[in-house]
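Participant: Here you go, one structure.
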2 protein chains.
Amino acid sequence: VNPTIELLLSHRSIRKFEDRVVPDEVLSTLVQCGQAAATSSNVQGVSVIHVTKPDVRQAMASLAGGQTYVETAGAFVVYCADLRRSMNACESQGGEFVPGMMEDFLISSIDVGIAAQNTVIAAESLGLGICYIGGLRNNPSEVSKLLKLPQQVYPVFGLCLGYPTQDPEVKPRLPIDAVLMKDEYNESGQVELRDQYDETVREYYRTRTGGKKSSCWSEEMKILVGKESRPHMKRFLADQGFATK
Amino acid sequence: VNPTIELLLSHRSIRKFEDRVVPDEVLSTLVQCGQAAATSSNVQGVSVIHVTKPDVRQAMASLAGGQTYVETAGAFVVYCADLRRSMNACESQGGEFVPGMMEDFLISSIDVGIAAQNTVIAAESLGLGICYIGGLRNNPSEVSKLLKLPQQVYPVFGLCLGYPTQDPEVKPRLPIDAVLMKDEYNESGQVELRDQYDETVREYYRTRTGGKKSSCWSEEMKILVGKESRPHMKRFLADQGFATK
């Protein structure tokens, strides 16, 4: 175990920040760290919009479901999957872009995840705290309008960055034996591991909230996948040119 | 700039490895670093299959389009998007799992990208080299059969890890000004930036191959998005229970 691994293992989301802007040159370095990550077939299907206008940040905070730190963090960026640059490059060579491929949707979305995580690690290595904002997908059409995103670009998530004024505990994860399997997918033992983890999560919430919250992971999952999650997404993505075939 | 940022900026894929196995306890630490990354709504939609059987690794190398390093790397794992664990947890609480949501497909796939990138950074911090294997999606049904993946689980990509016996150059990326935008999506200047990058890539290939290869990024993109990319993916994902609504 070295300092980088210690850093990776100590991640927690930060939602309270100093009133101090992340300088443009720092942000530029962080985004370049994202670019340095692996990218599928060199597509580099990522654009990053740095949102600086206070009224737009306020609107985004509200669109994300009232997440005020979107407004108050030292920087707020939106990570977008971007096939438009590749489309234009293809057409500049006399090619004909094929829109809507599921595979291209997948590679650009995963490129975004991989690049953003490099940005996150770089930020945390500088003592910044971060919080991913998936809540932008509550209202992706509105977000896209605010950022003037054209066809073949969509907002995957936001990212708050800033100087932390809180120091929350690391949230416990599933036991490694539930996640890392040998040679084939294996469900034996999963129920016991889940029960064990449910108890860990319950205890984590109890301690953290002074007994007010006491749900477990399975209860969280019932709420998350026991209903239609963001049922507008398929249509929204199709409207932006993604994932129709 | 600190050692972590230097590490991030020095990434390149490694395809030649020592004949030396990555120990199980090291791999376990690397996957735990992946688990420590942020996860959407705590879904932790990731399972990792460590492929150890030589015949299966040989089959995977072939399914990925003859990528021999899948067979020869010090370890080979397959990162899978996994909603099955969440489905089971939901049902254990009396909930009814809603399959096929595009949003759930997206969050589990992005969880995989984010987690895998943490694993990659941890590995590189230990002096290991890595190579993502998106080529598994050439034949995702066959890969799923070999790994006995059930419904609600699909293989996103493979990851080769090992002790490098090569030291390739870092591949140049798009100029930061093409990728990082202020307040709104902005295409002005993109053509010039792309032309500049095309020349950089051309020079990179020329130098690296002694003049044998001299394509540019736009030419690569013409090949990549100027045809139907892996047109079987939509059907494959639907068969595994993903992204139908």
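The values are calculated or read from the model by the stated rules, or taken from the named source; none is laboratory data. A quick note: this is a predicted structure, and the numbers were derived from the prediction, not measured. Glycine gets a Cβ as well: all are built from the backbone with ideal geometry, and neighbour counts include every protein chain shown.
Participant: Any residue at all in the stretch B:167-176 that is among the aliphatic types (A, V, I, L, M), facing another protein chain (nearest Cβ under 8 Å) and in contact with a Leu (Cβ under 9 Å, 6 or more places away or on another chain)?
Facilitator: Within the stretch B:167-176, one or more residues are among the aliphatic types (A, V, I, L, M), facing another protein chain (nearest Cβ under 8 Å) and in contact with a Leu (Cβ under 9 Å, 6 or more places away or on another chain).
Participant: Check off (1) at the interface with another protein chain (Cβ under 10 Å from one of its Cβ atoms); (2) touching a residue at least 40 places away in the same chain (Cβ under 8 Å); (3) part of a helix (DSSP H, G or I) for A:Asp239 and give me the number that stays unchecked.
Facilitator: The number of the failed condition is (1).
Yes/no matrix, rows are residues, columns are (1) among the basic types (Lys, Arg); (2) touching a residue at least 60 places away in the same chain (Cβ under 8 Å); (3) surrounded by 24 or more Cβ atoms within 10 Å (Cβ to Cβ); (4) over 19 Å from B:Asp183 (Cα atoms):
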| residue | (1), (2), (3), (4) |
| --- | --- |
| A:Gln93 | no, no, no, yes |
| A:Ile110 | no, yes, yes, yes |
| A:Gly134 | no, no, no, no |
| A:Glu142 | no, yes, no, no |
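Participant: Additional query: Taking only the stretch A:52-62 into account, find how many residues are in contact (Cβ under 8 Å) with a residue 40 or more places away in the chain and surrounded by fewer than 23 Cβ atoms within 10 Å (Cβ to Cβ).
Facilitator: Of the residues in that region, 2 qualify.
Participant: Checking B:Gln93 against (1) in contact with a His (Cβ under 9 Å, 6 or more places away or on another chain); (2) within 8 Å of chain A (Cβ to nearest Cβ), which single condition isn't satisfied?
Facilitator: Only one criterion in (1) in contact with a His (Cβ under 9 Å, 6 or more places away or on another chain); (2) within 8 Å of chain A (Cβ to nearest Cβ) is unmet by B:Gln93, namely (1).
Participant: Something else now. Given (1) surrounded by 13 or more Cβ atoms within 10 Å (Cβ to Cβ); (2) within 7 Å of chain A (Cβ to nearest Cβ), where does B:Lys182 come up short, assuming only one miss?
Facilitator: Looking at each condition in turn, B:Lys182 falls short on (1).
Participant: Scan (1) surrounded by fewer than 21 Cβ atoms within 10 Å (Cβ to Cβ); (2) assigned to a loop (DSSP other than H, G, I, E, B) for the single condition A:Val191 breaks and write down its number.
Facilitator: A:Val191 satisfies all of (1) surrounded by fewer than 21 Cβ atoms within 10 Å (Cβ to Cβ); (2) assigned to a loop (DSSP other than H, G, I, E, B) except (2).
Participant: Output the residues belonging to the stretch A:126-176 that are hydroxyl-bearing (Ser, Thr, Tyr) and under 18 Å from the mean Cα position of the chain (by Cα).
Facilitator: A:Tyr132, A:Ser141, A:Ser144, A:Tyr154
Participant: B:Gly158 versus (1) among the small types (Gly, Ala, Ser); (2) in contact with a strand residue (DSSP E or B) (Cβ under 8 Å, 6 or more places away or on another chain); (3) closer than 16 Å to A:Gly45 by Cα: which is the lone unmet condition?
Facilitator: (3)
Participant: I'd like the full set of residues that are in contact with a Lys or Arg (Cβ under 8 Å, 6 or more places away or on another chain) and within 21 Å of A:Asn42 (Cβ to Cβ), limited to the stretch B:131-155.
Facilitator: The answer is B:Cys131, B:Arg137, B:Asn138.
Participant: When the stretch A:1-20 is examined, which residues are found to be part of a helix (DSSP H, G or I) and more than 7 Å from every other protein chain (Cβ to nearest Cβ)?
Facilitator: Listed by number, the residues that qualify are A:Pro3, A:Glu6.
Participant: I want to confirm something. Restricting to the stretch A:21-54 and keeping residues that are over 19 Å from A:Ile121 (Cβ atoms) and charged (D, E, K, R), which single residue is nearest to the other protein chains (Cβ to nearest Cβ)?
Facilitator: A:Lys53
Participant: Here's something else I'd like to know. Taking A:Ala115, is it surrounded by fewer than 24 Cβ atoms within 10 Å (Cβ to Cβ) and outside any loop (DSSP other than H, G, I, E, B)?
Facilitator: no
Participant: Of the conditions (1) more than 26 Å from A:Leu224 (Cβ to Cβ); (2) at the interface with another protein chain (Cβ under 7 Å from one of its Cβ atoms), A:Pro99 clears all except one; give me its number.
Facilitator: A:Pro99 satisfies all of (1) more than 26 Å from A:Leu224 (Cβ to Cβ); (2) at the interface with another protein chain (Cβ under 7 Å from one of its Cβ atoms) except (2).
Participant: Additional query: Of everything in the stretch B:194-204, what is farther than 21 Å from A:Met87 by Cα and either in contact (Cβ under 8 Å) with a residue 12 or more places away in the chain or crowded, with 17+ Cβ neighbours inside 10 Å (or both)? Give them in sequence order.
Facilitator: Across the stretch B:194-204, the qualifying residue is only B:Tyr204.
Participant: Within the stretch B:78-85, is even one residue buried (at least 23 other Cβ atoms within 10 Å of the Cβ), of a type in the set (Asp, Glu) and either at the interface with chain A (Cβ under 10 Å from one of its Cβ atoms) or at positive phi (or both)?
Facilitator: Scanning the stretch B:78-85 turns up at least one residue that is buried (at least 23 other Cβ atoms within 10 Å of the Cβ), of a type in the set (Asp, Glu) and either at the interface with chain A (Cβ under 10 Å from one of its Cβ atoms) or at positive phi (or both).
Participant: Please specify each residue of the stretch B:209-228 satisfying the condition of being out of contact with any helix residue (DSSP H, G or I) (no Cβ under 9 Å at 6 or more places or on another chain) and either crowded, with 19+ Cβ neighbours inside 10 Å or not in a loop (DSSP other than H, G, I, E, B) (or both).
Facilitator: B:Thr209
Participant: If you don't mind, another one. For the list (1) modelled with pLDDT under 95; (2) within 30 Å of A:Phe97 (Cα to Cα); (3) among the basic types (Lys, Arg), I need the number of the one condition that A:Arg208 fails.
Facilitator: Of the numbered conditions (1) modelled with pLDDT under 95; (2) within 30 Å of A:Phe97 (Cα to Cα); (3) among the basic types (Lys, Arg), the odd one out for A:Arg208 is (2).
Participant: Is it the case that some residue within the stretch A:78-86 is among the aromatic types (Phe, Trp, Tyr) and under 26 Å from B:Ser10 (Cβ atoms)?
Facilitator: yes
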